[in-house]
1. Identify, please: which residue in region 194-218 is in a loop (DSSP other than H, G, I, E, B) and out of contact with any Gly (no Cβ under 9 Å at 6 or more places or on another chain) and is, among those, surrounded by the fewest Cβ atoms within 10 Å (Cβ to Cβ)?
2. Within region 353-361, is even one residue closer than 30 Å to VAL136 by Cβ, open to solvent by 70 Å² or more (accessible area, probe 1.4 Å) and in a loop (DSSP other than H, G, I, E, B)?
3. Any idea which residue in region 240-254 is nearest to LEU197 (Cα to Cα), counting only those that are out of contact with any Asp or Glu (no Cβ under 7 Å at 6 or more places or on another chain) and of a type outside the set (Gly, Ala, Ser)?
4. Mind checking which residues of region 281-301 are of a type in the set (Val, Ile, Thr), at pLDDT 95 or above and open to solvent by 40 Å² or more (accessible area, probe 1.4 Å)?
5. Taking the criterion of being closer than 26 Å to ILE238 by Cβ, hydroxyl-bearing (Ser, Thr, Tyr), surrounded by fewer than 17 Cβ atoms within 10 Å (Cβ to Cβ) and at pLDDT below 95, would at least one residue in region 25-40 satisfy it?
6. Can you tell me which condition LEU227 does not meet? The list is (1) assigned to a loop (DSSP other than H, G, I, E, B); (2) of a type in the set (A, V, I, L, M, F, W, C); (3) open to solvent by less than 10 Å² (accessible area, probe 1.4 Å), and all the others hold.
7. Against the definition (touching a Phe, Trp or Tyr at 6+ places or on another chain (Cβ under 6 Å), under 20 Å from ARG188 (Cα atoms) and modelled with pLDDT under 95), how does ILE268 come out, yes or no?
8. For region 43-67, enumerate the residues that are more than 23 Å from PHE214 (Cβ to Cβ), open to solvent by 10 Å² or more (accessible area, probe 1.4 Å) and part of a loop (DSSP other than H, G, I, E, B).
Amino acid sequence: MIWLAIPALAAGAYYCLAIVAAATWRTRSAPAAPPIPAAPLSILKPVHGRDPEFYQAILSHAVQDYPEFEILFGTNNPEDPALPEIRRLQREFPARPIEIVIAQTDAPNAKVGVLAELAARARYPLLLVNDSDIVVEPGYFRAVTAPLADPAIGMVTCLYRAAAGSWPSRSEALGIATEFAPSVLVARLLGVAEFALGSTMVFRAEALRRIGGFPAIANFIADDYQLGLRIAKLGYRIEFAPIVVETDLGAGSWGETWRHQLRWSRTIRVSRPSGYYGYVVTHATLWSLVALAAGEWPVAAAVMATRVCAGIWIGAGILRDPKVLRDFWMIPFRDLFGFAVWAGGVFGDTVQWRDRALKLRPDGRILDDPRL
């Protein structure tokens, strides 16, 4: 029965790698560039509905201390519930160039269609794209643009943590801090560096032009992954800024959390299938239970201890998420839920994106006609 402990040992090795990655993260993330004049910045913000704490998120951008920037909000719905909050921001910051763009787009990925319109209106050489619910710290603009002073760096991204208002959302936030963040750190440690996170993507307008602009990725579900991949293929490096942002998951139900996680899971599967199927080895709680059932309780105990320690260190230490110290006891239950999501992601080719059901091709493209 000893062979039944092998998957648990592999999971333990993975979380040992995560601990090593966490120990070296500060030195591997993009270093601060020497002081130079900050380049003017265009922030492109696609919106679709009003996210939890939406105003606090956009306010955190408007109050940034940065010499010159504009914020362009875009939606394809002239009655979007987020628009009153954006107009409030315009009233409170009349000196800031804050613009609302109602985009007409028939792109399969409507978010990218809106981004194409925003990019066409952007005035500045640096572009920043992040999700509409992202809350940022003071100094964020400077931290994420400074690495681009190095001409070898083509994009800057950053890690994120999540706020949550219900038990299902707390479970998802714990997964982001103790499952997803470790996978990012391990990937970077092993040299997998062609991806960016939608929490922050900063790049030059010239690089966007060279890859064909946003229309080149308008039929892909994982627009952040595609954008990072294509900029990396130009020969640039993608680096992480030494700053963490925060998203807000709201107070979702278990059903909403399942659908959200399943979309994420299937999106990863069609974007990076080898990485997705390899991820099965990381489900430490599942394989520890298998080892325990086989009588290998020392292996099961050691692997679970390693998994929990790695999650706490990365979640509370790297992401500076205090909720991890509160909720770490949920890690085994979150792991089992995460494995169910992973298994669900193996099958099916339809995802729920906001109020739309999207059917995916095996290469990550969105079918124009969901009936096909």
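The values are calculated or read from the model by the stated rules, or taken from the named source; none is laboratory data. Keep in mind that what you see is a predicted model, and the values were worked out from it rather than measured. Glycine also receives a Cβ, built like all others from the backbone with ideal geometry; neighbour counts cover every protein chain displayed. When the accessible area is computed, the model is the full protein with side chains, heavy atoms only, and any ligands, DNA or RNA have been set aside. Shrake-Rupley method; radii C 1.70, N 1.55, O 1.52, S 1.80 Å.
1. For region 194-218, the residue satisfying everything is GLY212.
2. yes
3. For region 240-254, the residue satisfying everything is PHE240.
4. Within region 281-301, just VAL290 meets the criteria.
5. Checked against the condition, which is being closer than 26 Å to ILE238 by Cβ, hydroxyl-bearing (Ser, Thr, Tyr), surrounded by fewer than 17 Cβ atoms within 10 Å (Cβ to Cβ) and at pLDDT below 95, region 25-40 yields at least one hit.
6. (1)
7. So ILE268 passes the test.
8. Passing the criteria: ARG50, PRO52, GLU53, VAL63, ASP65, TYR66, PRO67.
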